[in-house]
Amino acid sequence: MTRSPSKLVLAMAVLLAVWVAVFWLYKPHSGGAAGGGITYGQPPDLAKALVAVDPMRTSPAGPSTPLPVAPLPGQAQPSQGEAPLPGKRLVPPEFSDYTVQKGDTSFAAISRRIFGTTRHADAISRSNPFVTPDKLYAGRTRLRVPKDPTNIQGRIEEVPGVIDPAPDAPTARGVIEHTVAAGETLGAISKRYYGTTTRWKAILAANSDQLDKPEKLKAGMTIHIPPKD
């Protein structure tokens, strides 16, 4: 016995109504806001999720910790905040702006145009790390050209007429007295007398009567240098 089409349609309508009722009335507990609700895998704490992926990130909107920049080959670069040694000075690099001209198809061609030789093509290239030869468009591409091709990161040089003082000689009792110069640290003084920066704690202990912390070292102070072991 076959069912009439009207009965079949009615049965499907009833099933659809039951499914809609279950879908809208059933609210599974998902640990979200009060009253339940369905979540779709969104992390509850975006900041913690980002830190888990990138431990160096401090906040979702905050900047990441900058990475250290290594000196280029053949270039000496002092650490930030470190003063040059006595008798020396830091010469910062200087650059001029240059707009690529017709015929500048390579850094060698630009070096020849500016310096009269192709030898400084590498210095121009390293001064513009985000520009490649295929991006040299006449009248559009602007470059930084070093005024001194041998100094593109800063250079420490001797100050004319200033002699780097030698380590102080021992007194009559064999104790070395050292007068602190401007910018000197205990590590630098240790390097000067012992050839290593690791003996700064011994210098600090030998001057505990006037120096209880490395930060209290000041220019003009006279400190004692313990003898080498």
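Rounded, prolate or oblate, given the Cα gyration tensor of segment 176-225, with a/c below 1.5 counting as rounded? Rounded, since a/c falls under 1.5. In order along segment 123-136, the phi-based Karplus estimate (6.51 cos²θ - 1.76 cosθ + 1.60, θ = phi - 60°) of 3J(HN,Hα) comes to 5, 5, 5, 5, 6, 10, x, 9, 10, 10, x, 7, 10, 8 Hz; Gly and Pro are listed as x. Remark: relative contact order (segment 176-225) = 52 percent; criterion is Cα-Cα distance under 8 angstrom and separation of 6 or more residues. Amide H to amide H distances under 5 Å link Lys88 with Val159, where only residues 5 or more positions off or on other chains count and H is placed in the peptide plane.
Each label point was placed 7 Å from the Cα along the Cα-to-Cβ direction; for Lys7 and Ala138 their separation is 8.9 nm. Modelled label positions at Ala181 and Arg113, each set 7 Å beyond Cα in the direction of Cβ, lie 4.5 nm from each other. Using a Cα-Cα cut-off of under 16 Å, which lysines could be cross-linked to Lys102, ignoring same-chain neighbours fewer than 8 residues away? Within the straight-line cut-off, Lys102 pairs with Lys135. A Förster distance of 25 Å, applied to the separation of the beta-carbon atoms of Glu158 and Thr198, puts the FRET efficiency at 0.40. Remark: for residue pairs Lys147/Lys191; Lys88/Lys201; Lys191/Lys213, the C-alpha separation exceeds 24 Å in Lys147/Lys191; Lys88/Lys201.
No value in this document is a laboratory result; all are computed from the given coordinates. A quick note: this is a predicted structure, and the numbers were derived from the prediction, not measured. Cβ sites come from the backbone with ideal geometry, for glycine too, and all protein chains shown count toward neighbours.
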